[in-house]
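Take a look at the structure below.
The values are calculated or read from the model by the stated rules, or taken from the named source; none is laboratory data. Fair warning: this is a prediction, and the values are worked out from it, not measured in the lab. Methodologically, a virtual Cβ is constructed for each residue, glycine included, from the backbone with ideal geometry; neighbour enumeration extends over all protein chains shown. Areas reflect the complete protein model, heavy atoms only, side chains present, ligands, DNA and RNA absent. Shrake-Rupley method; radii C 1.70, N 1.55, O 1.52, S 1.80 Å.
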Amino acid sequence: MPNSRAVAGGVAGLARNFANQGPAEALRRFNLEGMAGAPAEDVFVALTDMLCPAGGTIDEAIARDAMLETVADLAASGVGNFDELSADDLCEFFIGVVSRSIEGKILNEVGTNAIAAPSDIAGVERAQSMLHDFVEGCVRDEFDARGTDLGDLDAAAVDRFVNDLYSAALDLVEALGDDG
């Protein structure tokens, strides 16, 4: 999941710089500093284009889709301008991106027959719901266990976390497929 790790690292770095240096400086790294007062969803769409441009591999598309789905949730929640975001808002964005990236990668594995899926629709829906709950719960548990905020995560910690969580979620889906 190199693309998803890179995107997660980019979001964590944005949060770290936002907390330490302010919104405009956080966006400068992506040449988006002029968007500091813009609506948060506009900033995150532009950030998506910087971190995972359209086109490319399946893994790149999974990371892009995770970002855009999370932006849609952010917009639906009514979050205001980028410079008004809280640390919790940025953490929720990170959790959404990481969770959706891992879910997308696993669903891609199921779709390409790399792992078995339950044989009936109800089993597939149950597996997908369990996967979502499991992945999002693990992301949240990781933050609670660390006792830190998103701005304290470095690139190596993000890489380890995404890899470990992907492996655990893949094991869960394989077990659900075997039981289905």
Quiz prompt | Asp49 accessible area, 1.4 Å probe, all protein chains in place, Å² to nearest 10 | solution = 70 Å²
Exercise. Calculate the spin-label point distance for Asp65 paired with Asn20, positioning each point 7 Å from the Cα along the beta-carbon direction, and give it in nanometres.
Key: 3.4 nm
Practice problem: Tell me which residues come under 5 Å, amide H to amide H, from Asn81 once H is placed; ignore anything under 5 positions away on its chain. | Solution: Ala40
Quiz item: Taking a quarter of the surface of the Cα convex hull of region 32-71, what do you get in nm²?
Solution: 2.6 nm²
Quiz item: How many nm is it between the label spots at Arg140 and Ser86, if each spot is 7 Å from the Cα in line with the beta carbon?
Solution: 1.6 nm
Quiz item: Could you give the nm distance between label points at Arg28 and Ile58, where each point is 7 Å from its Cα heading toward the beta carbon?
Solution: 4.1 nm
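So, for region 23-92, what is the accessible surface per residue at a probe of 1.4 Å, expressed in square angstrom?
Numbers: 3400 Å² over 70 residues.
Solvent-accessible surface per residue comes out at 49 Å².
Relative contact order of region 1-82: what whole-number percent is it, with Cα pairs under 8 angstrom and at least 6 residues apart? All intermediate terms of the calculation are to be shown ahead of the outcome.
On the way: 82 pairs, mean separation 27.4, N = 82.
Relative contact order, region 1-82: 33 percent.
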Practice problem: Between Ala157 and Met50, take the C-beta separation as r, use R0 = 25 Å, and let me know the FRET efficiency to the nearest 0.05. | Solution: 0.70
